[in-house]
Structures are given as structure tokens and as C-alpha cells.
Amino acid sequence: TAPGTGGGVYGNLQLIGFNNAGQVAFLSDITGGTTTRAVFIGTTSGVSKIAAIFDPAPGTTGFFSLLPVVNNYALNENGDLAFHSIVSGIAPGAVEGIWIGNSSAPPTKLLVNNDPTGSSLGGSFGVGVILRGFNNAGKVLFQSNPVGATSNQALFLKDLSNPTQVVFARNQPAPGGTTETFLITLQASLNDSGDVAFLATLQGGSAPFGYFLGSGAAPPIKIALQGEATPV
């Protein structure tokens, strides 16, 4: 029986993460009960539901609609789970977002797509929210397509207590090149110091791709551009 599901039982299971405290985060389809899918954190001594389809989505008037995509979920060493969800049951507006939950408290909204970015870009977060990382300091790395901002695609860092930081934005000059500017995030990885390594497509120059290191606290620096000679 899956806890917090009104007597439902586990169905198809997907592993999300495993930390040094021995906590396992996993996603499961649910048969019977009050939901059809939920995400859990457990140890050998017990399992707790973090969120389920049809649960109210805090910070909205809608409900979670969790997708069976493992990359939508990230567990850190503190036992916190950051997760992306579609929001159902409300008028058009806030249709997706990111929440942070754990075994001790209900999820807390980090952002939904119509929230102000609270960043130097202005505007509000748009659709196309993609979770890219979650570290032990509680920072979430994600991308979004802002509306009414000075750029319509950006990679952001945000936690529950501090203003949003912009790692890079579309049309921002790419360091180390000639006339290249950033276009789209392809890959991104966050460490516990808040540093972000990312691969981006570039436009307006001879290099179509590049790896960079950013933090949101300073402009990115180049790691390597496609077409450059290797160190060897």
C-alpha cells in the first residue's frame, strides 16, 4: 500500500535519487485510492508521500499533474525534493511550476510560470520551465521562457529565500568568442557551491556551441567553444 494515497497500491516504479542519508526518492503509478501517480521519499524504516496527482498545488488554485519524467525531480542530501509539475484545474495562467517538498512538511512553491522573475530581466516566468539541478544549499537551477522581459529565454538560479539570479540570457554576448551571443540551454549542471556548468547553442558568430561556467553572481566564463584547438 502506498502511503497518502487513500489505500492505493504501488504500480510502475521509477528511481529518482538516493542520498548519503539513505533516503530514496521514487515515482510510482498508483492503482486504486485517490490518485494515479505520486512521488515519495523513503528509507528502510518507512516511506512518505511528497506529492500526488490531484493534490492541491500550493501557491495556486489548481492541482498537481505529475508527469512520469525522472528529470522533473531532484533529491538533495538534506532530504528535500525539488520537482516540476503541470498545474490542472484552473483557468489559463499558472500552468506549470517548481515546488520543494520533504517528508516533514507539505511542498512549498518556488515559482509558477506567471510569477514575476524578480531578476534583472524583469517580466514574468513563462512556459517551458525545465528543472536542471538542485543542490544541498537549496538552490534550484531551471530554465524558462520569460514574458515581458528583456530576454525570452534564460537559465536561472533560485531558492526559497533569495532573489532570482540569471546565469545567462538569450542574446547576451558569449564570452571568449567573437560576435557570438547565447541562444538556448542544451545541458546544465549545478554544484553545491552554486556554480553552473552549461552547454549552450550560440548565434551570430563562427562557433555554434560552447561550454561555459556561470553562477548568477557574475557573467559566465568560457570553458570551450566548438572549433577551438584542444589543449593537446
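The values are calculated or read from the model by the stated rules, or taken from the named source; none is laboratory data. Keep in mind that this is a model prediction, so the values were computed, not measured. All Cβ positions, even for glycine, are placed from backbone atoms using ideal geometry, and neighbour counts span all protein chains on display. Calculation scope for accessible area: heavy atoms of the full protein, side chains included, ligands and nucleic acids excluded. Shrake-Rupley method; radii C 1.70, N 1.55, O 1.52, S 1.80 Å.
Out of everything in the stretch 116-129 that is closer than 27 Å to Ile16 by Cα and free of Cβ contacts under 8 Å to residues at least 40 places away in the same chain, what residue ends up being surrounded by the fewest Cβ atoms within 10 Å (Cβ to Cβ)?
Only one residue tops the list, namely Val127.
For the stretch 170-190, does any single residue satisfy the condition of being among the basic types (Lys, Arg), within 13 Å of the chain's Cα centre (by Cα) and open to solvent by 10 Å² or more (accessible area, probe 1.4 Å)?
So far as the stretch 170-190 goes, no, none of its residues is among the basic types (Lys, Arg), within 13 Å of the chain's Cα centre (by Cα) and open to solvent by 10 Å² or more (accessible area, probe 1.4 Å).
Taking into account only those residues within the stretch 130-154 that are among the hydrophobic types (A, V, I, L, M, F, W, C) and open to solvent by 20 Å² or more (accessible area, probe 1.4 Å), which is nearest to Ser85 (Cα to Cα)?
Among residues in the stretch 130-154 that are among the hydrophobic types (A, V, I, L, M, F, W, C) and open to solvent by 20 Å² or more (accessible area, probe 1.4 Å), the one nearest to Ser85 (Cα to Cα) is Ile130.
So in the stretch 65-106, with the set limited to residues that are hydrophobic (A, V, I, L, M, F, W, C) and free of Cβ contacts under 8 Å to residues at least 24 places away in the same chain, which one is nearest to Thr35 (Cα to Cα)?
Leu67
Suppose the filter is more than 16 Å from the chain's Cα centre (by Cα), in contact (Cβ under 8 Å) with a residue 24 or more places away in the chain and open to solvent by 80 Å² or more (accessible area, probe 1.4 Å); does Pro231 pass it?
Judged against the criteria, Pro231 is not a match.
Check off (1) closer than 29 Å to Gln172 by Cα; (2) crowded, with 17+ Cβ neighbours inside 10 Å for Ile100 and give me the number that stays unchecked.
Evaluating Ile100 over (1) closer than 29 Å to Gln172 by Cα; (2) crowded, with 17+ Cβ neighbours inside 10 Å leaves (1) as the failure.
What are the residues in the stretch 121-136 that are over 19 Å from Asn72 (Cα atoms) and modelled with pLDDT under 95, if any?
Selection gives nothing.
Please identify the pairs in which a residue from the stretch 173-194 that is free of Cβ contacts under 8 Å to residues at least 12 places away in the same chain has its Cβ atom under 6 Å from the Cβ atom of a residue that is surrounded by fewer than 18 Cβ atoms within 10 Å (Cβ to Cβ), counting only partners at least 6 apart or on another chain.
From the stretch 173-194, the pairs are Pro173/Thr181.
Picking from Lys109, Lys49, which residue would you name as being closer than 20 Å to Ile130 by Cβ, among the charged types (D, E, K, R), in a strand (DSSP E or B) and touching a residue at least 12 places away in the same chain (Cβ under 8 Å)?
Lys109
Could you please let me know if Thr35 is part of a loop (DSSP other than H, G, I, E, B) and in contact (Cβ under 8 Å) with a residue 40 or more places away in the chain?
No.
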